[in-house]
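Taking it in order: structure first as structure tokens, then the write-up.
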Amino acid sequence: MVGSGPFAGDLVREFRRGANRTASRLVAVVDDRELRPLTAASGRARLASIIGRFAPARILLALPEGRNVLVERQMANLCGTVTAIEDGIHAYARVTGKIPIERLASRGMMTGETLTHCVALRLIRRMIDLVMAMLGLFVCAPLCIAIGVAIKLDCGGPVFFVQDRIGRHGEPFRMLKFRTMHATPASSQWVRDNASRITRVGRWLRRFRLDEIPQLGNVLRGEMSLVGPRPHPVSNLEMFAQEIPFYSIRTRVRPGITGWAQVKYGYANDLVEETEKVRYDLYYVNNASLWLDLRVLFETLKTVLLARGFESASRIS
């Protein structure tokens, strides 16, 4: 890697964290300041020595602002066609499964074209959504009846919780869930502020994610998909759009019952955590594929069967 500054440090740390889960290995780091001015022969010689010794598959550029053109030109001269040169942002996404949105904002990068899915992929995903939603509702019908009776016996009131959520292209829709809290006014959108309102039945529904079953109806109506960014409450739209860079990009696909951010990070309970989740959401939007959807569904199934992450599920969903 050639670079310096905070982003270069973040990239080094992420490679160290991901050493056991990725085939990529960072073998050496060269401070880009060693390559300036053009007469800095020692820096170029050290870089050439590293390339000769390790024969790296690629060189990552994690450069501070204003240094890209000069260093990239020297990289091209040193590497020729033997070693590929990769932007540090792409490497970061590949290793972590998320996109460094602050880095995108600082460089003024726009990512619109790469986020456009082909028509064939959209049609296939929609057909899978319809088939799986209909099958899921049919199989879960007896369970849904039992859950409805349990909710009524436990605390009375409505069986379903209906809330306006942010859908594709920012359009609001009414999302369905089994009610897991007492029907009293919420103190905030964050569940940690409403923990005392969770019902006895609701606690078990949350543990096994059974409260999400009614969203299969949202999938049939075309408002949601099985996999995608989790839909946020409409009341949070203005705050998130103002505080989180590139937030609106996540609405270019249908929201999902489960998603990449859910299985990689879990639930968020404040703005800092939501920002971290958006990094994963943008990675999903930028890399959506049937294989990635299958991976998300498999990880979700493990979470449901093992009832993992219930403590974090006591947060906003």
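Output yes when any residue across the stretch 255-269 is among the aliphatic types (A, V, I, L, M) and at pLDDT below 90, and no when none is.
yes
Exactly one of these conditions fails for Asn287: (1) under 11 Å from the mean Cα position of the chain (by Cα); (2) of a type in the set (S, T, N, Q); (3) closer than 21 Å to Gln215 by Cα. Give me its number.
That leaves (3) as the condition not met.
Please go through the stretch 219-239 and give me each residue that is within 19 Å of Trp260 (Cα to Cα) and buried (at least 17 other Cβ atoms within 10 Å of the Cβ), ordered by number.
If the condition is that a residue be within 19 Å of Trp260 (Cα to Cα) and buried (at least 17 other Cβ atoms within 10 Å of the Cβ), then Val219, Glu223, Met224, Ser225, Leu226, Val227, Gly228, Pro229, Arg230, Pro231, His232 are the ones that fit.
Looking at (1) more than 15 Å from the chain's Cα centre (by Cα); (2) crowded, with 17+ Cβ neighbours inside 10 Å; (3) modelled with pLDDT of 90 or more, find the lone condition where Arg200 falls short.
Tallying (1) more than 15 Å from the chain's Cα centre (by Cα); (2) crowded, with 17+ Cβ neighbours inside 10 Å; (3) modelled with pLDDT of 90 or more, Arg200 fails exactly one: (2).
Given the conditions (1) small (Gly, Ala, Ser); (2) modelled with pLDDT under 70; (3) crowded, with 18+ Cβ neighbours inside 10 Å, which single one is not true for Ala19?
(3)
Given the residues Leu11, Leu26, which is the only one that is part of a loop (DSSP other than H, G, I, E, B), under 36 Å from the mean Cα position of the chain (by Cα), closer than 18 Å to Thr96 by Cβ and at pLDDT 85 or above?
Working: Leu11 fails: part of a loop (DSSP other than H, G, I, E, B).
Only one candidate qualifies: Leu26.
The values are calculated or read from the model by the stated rules, or taken from the named source; none is laboratory data. The structure presented is a predicted model; accordingly, all values stated were derived computationally and were not measured. Using ideal geometry, Cβ is built from the backbone for each residue, glycine included, and neighbour counts are taken over all protein chains shown.
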